[in-house]
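The structure appears below as structure tokens.
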Amino acid sequence: MGDDLSSVDASVEDAALLARAREGDTTAFDDLITRHREKIYMHICYMVRNDEDALDLTQDTFIRAWRSLARFEGGASFSSWLYRIATNAAIDHCRKRKNRPQTEIELGPMKIDAASRTTPASPGVPGSGLDQREIKRRIEAAFAQLSPEHRAVIVLKEIEDCSYEEMARRIGCSLGTVMSRLFYARKKLQTLLGDLHDEI
């Protein structure tokens, strides 16, 4: 309940700052950047797998948002609209770079359904099977093989724990498209990582 109230309060504060920013108040827009910068950066970083590129794309996201403020109609929250811009920027970047990670990024916990067999079900036991470095390398490599669109839904659902409705708003597509992409992304990871389920 407290989280819901905080989310409502944040949306109200965003709306007030947004109204001022749309009138040309750059200080209000700077405040919006400050409020969302870290989450947008982490979201992009999970997708592009490179911290320098993520910093550039975060900056680009806010530049695009500033230039598009007049076209923001308010059908979704400012936060959802911003995530849509960030997701599209990251997808475009991944396509250009052919989905190849340039440096290793430390992933947070992925809350993938255990039934999907795409992540370990329990902590590793020293001396059994593959070591943790090899497992991490395999997971990183599998994630890099996902298409940008599939990578986006995995990040939103399994790392950021978004609802399907919020995913659709952030990506800017239908609920059915979100569910289809997530299904195929999980199947791809299952194919690539299914053998790790018993190793870790």
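Observations
- Distance between modelled label sites at Leu55 and Asp25, nm, 7 Å Cα→Cβ extension: 3.1 nm
- Once the Cα gyration tensor of the stretch 2-96 is diagonalised, semi-axes √(5λ) in Å: 23, 16, 12
- Once the Cβ-Cβ distance of Glu134 and Thr191 is raised to the sixth power relative to R0 = 22 Å, the FRET efficiency obtained is 0.75.
- Measuring r between the beta carbons of Thr34 and Ala70 and using R0 = 22 Å, the FRET efficiency lands at 0.50.
Rule-based calculations on the coordinates, nothing more; no lab input. Computed from a predicted model, the values in this text were never measured in an experiment. Here Cβ is always computed from backbone atoms with ideal geometry, including for glycine, and neighbour counts include all displayed protein chains.
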